[in-house]
Amino acid sequence: MSTVVYLNGERVDYENARISVEDRGFQFGDGIYEVVRVYDRRFFYLDRHLARMKKGAGEIYLNLDFGIDNLERLCRQAVKESGFKDASVYIQVTRGAYPRQHAFPPESSCTWVIIVREALAQPREYYENGVTGITVPDERWSRCNIKTIQLLANSIAKEKAKKAGAYEAIFHRGGCITEASSSNVFIVRDKKLLTHPANNFILHGITRRVVLEIAEKSHIDYSEEVFSLEDLFEAEEVFVSGTMTEIMPLVKIDGKIIGDGVPGEITRSIMNSYELLAKTVDQ
Ligand code: PDD
C-alpha cells in the first residue's frame, strides 16, 4: 500500500513527480482543486466533486482538455492501485505551463494531478467532546465559491488557529460569519440550523449540502441565511463541516463556551446520520 500519484494521466513515482517552473499554478495560483474522501473503498460523492470542478473551471475559463470522464476513471484506478481502504483523493488542475505573463496563454494544456493518500481518522475524542475555534476577519477575495488553489488567506487563518491551540478559524466579513478556513460553519439558534447562503462568499461545500439533506430528511428546521458574530457566540450549538473534517462540533470559540460546552443534540444527530452515509454512499 502506498501513496499513488498520477501526473497528466501517467502514473509517476511520488519522489520523481515534476512540473514546470513556468506552471501557472505555481506562478499565479491559476488552478482549481478538489479533495474527495474514500470510505472502505467507496467514493463519497465523487460525482458531486467532479461536477463542482467542472463548474469552477467554467468560472475561470479553464478548458478541462483531458476530459472529466478520464479524470474520474483515473481517480478510481488510483484508489484501487493504492490499496488503501480509507483514502483522500487530491485533484489539482492548473492552466499549465507557459512563459510568464498575466493574461492567459494563447495555447497551453492543463497540468493535472491526482494524489491518493491514506486517510487517517481524526481522534475520536474530537467528535465526542468537541473542539475549539477562533474568529478571524475574512480577508479573501469575493469569489470564494470557486475552489481555487489560492489558499494563502485560508492558510494564514489556519496557522492563527493552530498557534492559538484551536482546531479551526472562522471567517467573518462585515460582522457576518461566512465559513471557516477549510470547512463550512453551522449554528443552531432556537433549535433551527443556520448556515451562510451558497453565494460568492463561501465555498459550496459538498458536506454542507449533505448536512442540509440530512436536516431535510430528519425534519430538522433549517435555513440558509446570514448570521452575525454575536449569533455565533450566543448559539446553542456550533459545528463545522468538510470532506476531511466531516461533522465537527465546536464547543468554545475565542475562549467563550458555546451552549452547554458539549456537542449538542442536533449536532450529534447530524453526526450519526453522516456516519451512516459514510458507510453506504458509493458514487
Ligand atoms: N476544504 N470551505 C472551505 C474554505 C474549504 O476549503 C472546504 C474544504 C470546505 C468544505 O467543502 P467540502 O465539504 O466540499 O469538503 C468549505 C478541503 C477539504 C481542503 O482544502 O482540504
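Listed values, structure above:
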{"item": "Overall Cα dimensions of region 158-248, principal axis frame, Å, largest first", "result": "39, 28, 25"}
{"item": "Portion, in percent, of the accessible area of the chain that falls on carbon or sulfur, probe 1.4 Å", "result": "50 percent"}
{"item": "Mean Cβ count within 10 Å, highest first, over the residues of peptides 1-10, 246-255", "result": "246-255, 1-10"}
{"item": "Calculated Rg and Dmax of region 42-162 using C-alpha coordinates, Å", "result": "17.5, 54"}
{"item": "Inter-probe distance in nm under a simple model that places probes 7 Å from Cα toward Cβ, at S142 and V12", "result": "3.8 nm"}
{"item": "Per residue value of the accessible surface for the chain (all protein chains in place, 1.4 Å probe), Å²", "result": "49 Å²"}
{"item": "Positive-end residue, the chain charge dipole about Cα centroid, Cβ charges, pick of I187, M271, N70", "result": "N70"}
{"item": "Förster radius 22 Å - calculated FRET efficiency between R76 and S2 (Cβ-Cβ, nearest 0.05)", "result": "0.80"}
{"item": "Qualifying lysines (Cα of each under 30 Å from Cα of K54; at least 8 residues distant if same chain)", "result": "K80, K85, K147, K158, K217, K279"}
{"item": "GNM result for the chain, Cα springs below 10 Å: residue of E236, E224, E34 fluctuating most strongly", "result": "E224"}
{"item": "Region 29-106: equivalent-ellipsoid semi-axes (sqrt of 5 x gyration tensor eigenvalues, Cα, Å)", "result": "27, 12, 10"}
{"item": "Separation of the L120 and D231 label points, Cα + 7 Å toward Cβ, nm", "result": "3.8 nm"}
{"item": "Taking the convex hull of Cα positions in region 126-283, its mean projected area over all directions (nm²)", "result": "8.7 nm²"}
{"item": "Volume per residue of the C-alpha convex hull in the chain, rounded to whole Å³", "result": "129 Å³"}
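The values are calculated or read from the model by the stated rules, or taken from the named source; none is laboratory data. In this text the structure is predicted, and so the values were computed from the model without any measurement. Note that each Cβ is placed from the backbone with ideal geometry, even for glycine, and that neighbours are counted across all protein chains shown. The accessibility values were calculated without ligands, DNA or RNA, using every heavy atom of the protein model including side chains. Shrake-Rupley method; radii C 1.70, N 1.55, O 1.52, S 1.80 Å.
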